[in-house]
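One structure is given here, and the rest of the page talks about it.
We did not get these values from a lab; they are worked out from the coordinates using the rules stated. What you see is a predicted model; the values in this text were computed from it and never measured. Here the Cβ is made from the backbone with ideal geometry for all residues, glycine too, and neighbour counts use every protein chain on show.
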Amino acid sequence: MALIAGVDIGNNTTEVALAEIDGQGAVRFCGQSLVRTIGIKGTMRNVSGIIDALNQALAPLKIPRRDLAMVLLNEATPVIGDVAMETITETVITESAMIGHNPTTPGGMGLATGTTINLDALSEADSAQDFIVLVDAATDFQVAAEMINAATARGVRVRGAIVQLDDGVLIHNRLSQPIPIVDEVRHIERVPMRMPAAIEVAPVGKTIEKLSNPYDIATLFGLSPEETRNIVPIARALTGVRSAVVIKTPQGDIQERRIPAGHLTLIGAEATVEVPVDQGAAAIMDKVDQVAPLREIKAEAGTNVGGMFETVRQVMADLTNQPVSDILVQDIIAVDTLVPQQVLGNLAGEFALGNAVGLAAMVQTQKLPMQMLARKLEEEIQVKVAVSGVEAEMAINGALTTPGTKAPLAILDLGGGSTDASLINEAGQIRSIHLAGAGDMVTMLIDKELGLDDLDLAERIKFYPLAKVETLFHLRHEDGSVQFFDAPMDPRLFGRVVVMGEGGPQPIPLEDTLGRIAEVRRKAKEKVFVQNGLRALSRVAPAGNIRLIEFVALVGGSSLDFEIPTMLADELMEYGVVTGRANIRGSQGPRNAVATGLVLTSPLAREQSYGR
Amino acid sequence: MAVELHEQIALKPMVPILLQGTVAPSVVNALLFGLEEEGIPSITGTTTERSICRATKEIAQLSRLNIGIGASAQEQLVVLHHRDLPTEEPLFSESIETANLADFRRLGANGARLVKGNPLLFKDTTEDDPSPKPRQRIQPLAVDARLVERIVQEILKQLATRR
């Protein structure tokens, strides 16, 4: 009887499987553990994590570590991935030509046109004209209301107002004649004076109708067909807002500008193609398919993607003690996305959605210095340590312990940095592939699309369901169920969309609805994992045909996600493939596949002896 | 306590504002303006109850909106209370001596937001900036010459070892 331990050092977690193997080679599993990986995988720093994991697995059995006959490490695949994003369009306003935003409480409602005028100049204004009056932060709302009323009484036609502070309703309530008022316009000093302007405030629960339509703007300002064409970006930028102002200035203009994002050079076995990043994800991925199999991908220096490529190669070079020039980016995945950006030259913090392309890259090298790690570990624990087996093979051997599976079986390893697939056929031959783009890319997409600028929060939004705090004492979960609390919640949570993490609800500092945040989250997961799942499986499938795979078992950290497995299963159903989260040894869920595989394929174990 | 106030708030959706003693009109107005800008009607009344917390909690329980605001000259305190909160733990309280008018207007606005279910305002959050953060542009850093010198040296050294 020999006690052996299989140890799988992953990018994020280190997992152990313990088993007793008798003289006949029959394997009996008796323990397992999971700890965070310490240091980058394949480095000496991993040792303390491994020892910790071994101790945790041994503790319930009350067996000292020295009784271990052997520790088996996997030949970890040296794959590192990283992500970056290139924004390819931005909106620029020259000569403050519009305001469009969603103050929570604008004043009045309706549409009005007039010439912009300062509140102070109103006393000398003539009565033959229509005016839109500007009220800055220095003016008390009561004074402003009085002055507007006085002007109205003299016959001056004040048709609307633009206000710097959150005073729209207060001013409106004190006017003798109701007018639409746009408030919370932070940079009111940038609004040009004595220019024709149109103002629109929508009723509660609606968005503006006129100023978001180019022909209505043309009607209001008497624009020529040519000028109407130029106003289209304004109308587009004003779609979906509650209140808006459009000002016609001589040179006033708003443009959607394309930002140069450089080229990617895709070097395949037979051809080399250049593709401009700003052509979007579809164009990039088309070219990737065209050039496949890829040898190397290069990005232009000075771009975000170029910088990311350099970083990821450098990390790998440091890790494996190889020159950077030997490390090649071997796969990319591109995803189109929309990111909210502050409009350049904005008046009230307006933002417009810019087009962006998210990219993940993957580098792979021959070998990590696992032998060095094994020797170091052996020294530390005084137990024989061996490096045995390739990660992908071990994973699939472990995955085959999932009840209800048999070869041909494919596993999809949904990790943080890369999506990996392996396939074992009836003859026991194994094929595997590593692709760029996984959980970290989903996190980046969520972060950028919501404009969070907080990766930790984006990570939690990815991992946990959402809820809306409806009163101080209850919240409504994403699925509609309601949860009550005995004690009042933190007032900072009130009225907010929250993410239900382990530490209780955490507020998301956005105005977006729960529905939109959930939509962004789901779309990000679909864009990355569904696309990559299909890409990976078709690379390992016989004749590239996914239909020829019978079983797909999901493993890896992202397979624990509460919706990714369902998305993949839905997609793969069309191919007639049985898809599900693996259940290693019928008890471990999608965890412990590699560690289990290591034990099963050890020299002591009789092949196929795990007794299914 | 005014009987009329009790009747009014039981009939119509209004936020009651209870005043104890002579509270500065500017403070009361700030509370009223906060509620008005958010579009929630309010009504003021007086009380002789010593504890403004207790009085406000009681009025909150009578109000159809479950919310009450109280201001006490004696205790120099303004509180925002909710029906379900413990008497001595109002949701927000501001000292008349130390808080400014913007604080009272915010307290009034929060009363209204509590009714509407909108996120509340806090002094430290820049609520006038609900829009997403602007895209980060690379700003030229103000670096001192010595640091640059050190970085350059380091790079040169690494380049030298690589050859």
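Could you give the length gained by full extension between A:Arg236 and A:Ala292, i.e. 0.36 nm per residue of separation minus their alpha carbon distance, to one decimal place?
Working it through step by step, the gained length comes to 16.3 nm.
With the Cα gyration tensor of region B:3-116 giving a ≥ b ≥ c as the square roots of its eigenvalues, does the rule (a/c under 1.5 for rounded; else a/b larger than b/c for prolate; else oblate) give rounded, prolate or oblate?
rounded
Counting other beta carbons within 10 Å of each Cβ, put A:Phe484, A:Phe473, B:Phe122, A:Phe494 in order, fewest first.
By the 10 Å Cβ count, ascending, the order reads A:Phe484, B:Phe122, A:Phe473, A:Phe494.
Can you tell me the dipole magnitude for chain A around its Cα centre, using point charges on the Cβ only (Lys, Arg +1; Asp, Glu -1), in Debye to the nearest 20?
Its charge dipole is roughly 1360 debye.
Between B:Gln74 and B:Gln153, what length comes free when the chain is fully extended (0.36 nm per residue of separation minus the Cα-Cα distance, one decimal in nm)?
Gain on stretching B:Gln74 to B:Gln153: 21.5 nm.
Label-point separation (nm) for A:Arg258 and A:Ser123, each offset 7 Å from Cα along Cα-to-Cβ?
5.5 nm
How large is log10 I(q)/I(0) at q = 0.05, 0.09 Å⁻¹ when the Debye formula is applied to the Cα atoms of the protein assembly as shown, each weighted equally and without solvent?
-0.38, -0.99
For every other residue with a beta carbon closer than 14 angstrom to the beta carbon of A:Thr219, add +1 if it is Lys or Arg and -1 if Asp or Glu, then tell me the sum.
After counting each charged neighbour, the total is -2.
Could you tell me the calculated FRET efficiency between A:Ser481 and A:Met573, based on Cβ-Cβ distance and R0 = 25 angstrom, to the nearest 0.05?
So the FRET efficiency works out to roughly 0.35.
Using only the alpha carbons, work out the radius of gyration and Dmax of region A:261-366 in angstrom.
16.1, 55
Using only Cα atoms, what is the ratio of the radius of gyration of region A:93-255 to 2.2 N^0.38 Å?
Compactness ratio reported: 0.96.
Consider a paramagnetic label point 7 Å from the Cα of A:Thr311 along Cα→Cβ; state which residues of region A:445-461 have an amide N under 19 Å from it.
A:445-460
Quote to one decimal, in nm, the extra length available between A:Leu548 and A:Phe473 on full extension: 0.36 nm per residue of separation minus the C-alpha distance between them.
Length gained, A:Leu548 through A:Phe473: 21.7 nm.
Enumerate the whole-percent occupancy of each 10 Å bin, from 0 to the last occupied one, for all C-alpha pair distances of region A:264-315.
Result returned by the calculation: 26, 51, 23.
Holding the Cα-Cα limit at 24 Å, pick out from A:Lys406/A:Lys462; A:Lys462/A:Lys527; A:Lys41/A:Lys376; A:Lys448/A:Lys527; A:Lys468/A:Lys527 the pairs that are longer than that.
Violating the 24 Å Cα-Cα cut-off are A:Lys406/A:Lys462; A:Lys468/A:Lys527.
Which log10 I(q)/I(0) values, to two decimals, does region A:153-241 give at q = 0.20, 0.21 Å⁻¹ under the Debye formula with one point per Cα?
One equal scatterer on each Cα of region A:153-241 leads to -1.15, -1.22.
Ranking A:Val324, B:Val15 by Cβ neighbours within 10 Å, fewest first, what do you get?
In increasing order of surrounding Cβ atoms, one gets A:Val324, B:Val15.
So what does the Cα-only Debye profile of region A:230-276 read at q = 0.23, 0.28, 0.30 Å⁻¹, as log10 I(q)/I(0), no solvent term?
For the requested q values the scattering log ratios are -0.89, -1.07, -1.13.
Excluding residues on the same chain fewer than 8 positions from A:Lys210, give the lysines whose Cα lies under 29 Å from its Cα.
Reachable lysines: A:Lys248, B:Lys116, B:Lys133.
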